[in-house]
1. Along the Cα→Cβ direction, 7 angstrom out, place labels at T397 and T320. What is the inter-label distance in nm?
2. Test of understanding: what is the full-extension gain from E337 to S124, defined as 0.36 nm times their sequence separation minus their Cα-Cα distance?
3. Can you put F303, F388, F136 in order of Cβ neighbours within 10 angstrom, beginning with the fewest?
4. Run the dipole for the range 95-421 about the Cα centre, Lys and Arg Cβ at +1, Asp and Glu Cβ at -1, nothing else charged, and hand back the magnitude in debye, nearest 20.
5. Quick one: the Cα spread of the range 95-421 along its three principal axes, in angstroms, biggest first?
6. Using a Förster distance of 30 angstrom, determine the FRET efficiency expected from the C-beta separation of E200 and H134, and round it to 0.05.
7. Mind giving me the FRET efficiency for D276 and T389? R0 is 25 Å, r the Cβ-Cβ distance, nearest 0.05 is fine.
8. Counting other C-beta atoms within 10 Å, and keeping those with at most 15, which DSSP coil trypsin sites (Lys or Arg not before Pro) do you find in the range 138-189?
Amino acid sequence: MEVLIERKEGIEDKNERCNQNGVEIETFAALIEEEGLDSSSSCDIFLTSEITGHEEEEQSHSSSESSSPPSLGWPIQKAEALHRAMSHAEIQVPRVKLGNQGLEVSRLGFGCAGLTGGYSDPLSDEEGISVIKHAFSKGITFFDTANVYGANANEIMVGKALRQLPRDKIQLATKFGLLKVEADGMEVCGRPEYVRSCCEASLKRLGVDCIDLYYQHRIDKLVPIEDTMEELKKLVEEGKIKYIGLSEASPDTIRRAHAVHPITALQMEWSLWTRDIEEEIVPLCRELGIGIVAYSPLGHGFFGGRTAIESGPAVGLMSTHPRFTGENLDKNKVLYERVVKLASKYGCTSAQLSLSWLLHQGDDVIPIPGTTKIKHVDDNVGSLKVKFTAEDLKEITDAVAINEVAGARIHAGIELYSWRFVNTPSKSNNASEQDS
């Protein structure tokens, strides 16, 4: 069946990109089943109803028409829903190089942390695996986990999912280095013996022989980064990991680590309302050929949909996040409404606008949004079809002015372990202290 949506000529305002009737020919087999049509039949559906802003005029068709092809006036709302669904089905997720060491990943990754809690109640293994498998079916092949997520449960769940997927098509990233995470601080370890023991344990939980990308989750301020990297280098040489990554590392730490063994990727928080890495970290990564993996690309779900801002994260650390509580949340809702308005203008959802904005920051930037819902996986993948001009990007950036964002990006205790505060002692100084 072909769905013909006739586009008006002379569209001048970007506000009409999505809301005007379109000129596209699409095949949508699910409509056949839904409408009770003969699956062997083919027909053209001409949708010529006017749409003004968000007001949609629907014309009902009688029950007698249900057994025949829909005709003029077929409900435009359903047409748009089908059009969106078809768009998701057609999207081909590109593959790109992450860093310059040879790792190739899907243009959009999937952050698995939320599957075992953090933002909401954890999913069962069956539910979590179904989300991972659905993401893979949509073209996402880059999956991110960590030993600390769900107290090892996340790696176990991801490992079970991997056994139902072609391992050679998956790029698996996990992390070590965090012993404890609480609002008032973190416990971090980067000692060589700990690095090795964590890697061995993760390999077993994941049920794999090799981890594609192994990150130091947070930097140990008491251990020279060279010591940590030397052990990671040995793991590469032994074939237990393929590529090395860092997360929340300072410029000095990045340079020193990269001198021991090339860093493939740096994972950092980056979103419309968290952009502090743009001035120093991003240029450094590009100088050294390090890819950038953006975690919390939807601002811990804030720009993912109205539910997030109305109720906020229900459990865990996010339930007391500075930007989701009290007056800060009320102020930040203003920013969200601006994003919603722009999303309407550009014919996409708020999540798609936010992810596409990040994707437009460079081909070396890989967002890894996470979700517990299959429909949100589809929505996120849809961001790959949203295109912006330089003027569009400026408009979106200006709409979420950093000086208007209320609240710190994370709890004060945890902030002390972020990239601005985690230089490690020099190798020479540490050796002198041990000899004395």
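Each reported figure results from applying straightforward, stated rules to the coordinates on display, with no laboratory input. Owing to the predicted nature of the structure, the values given are computational and were not obtained by experimental measurement. Neighbour counts are summed over all protein chains in view; Cβ atoms, including those assigned to glycine, are modelled from backbone coordinates with ideal geometry.
1. Those two pseudo-labels are separated by 3.6 nm.
2. 73.3 nm
3. Result, fewest neighbours first: F388, F136, F303.
4. Working: 39 positive and 44 negative charges, 169 e Å.
About 820 debye.
5. Result, largest extent first: 52, 41, 37 Å.
6. Numbers: r = 31 Å, r/R0 = 1.02.
It comes out at approximately 0.45.
7. 0.50
8. Those that pass, being in a loop and sparsely packed, are R163.
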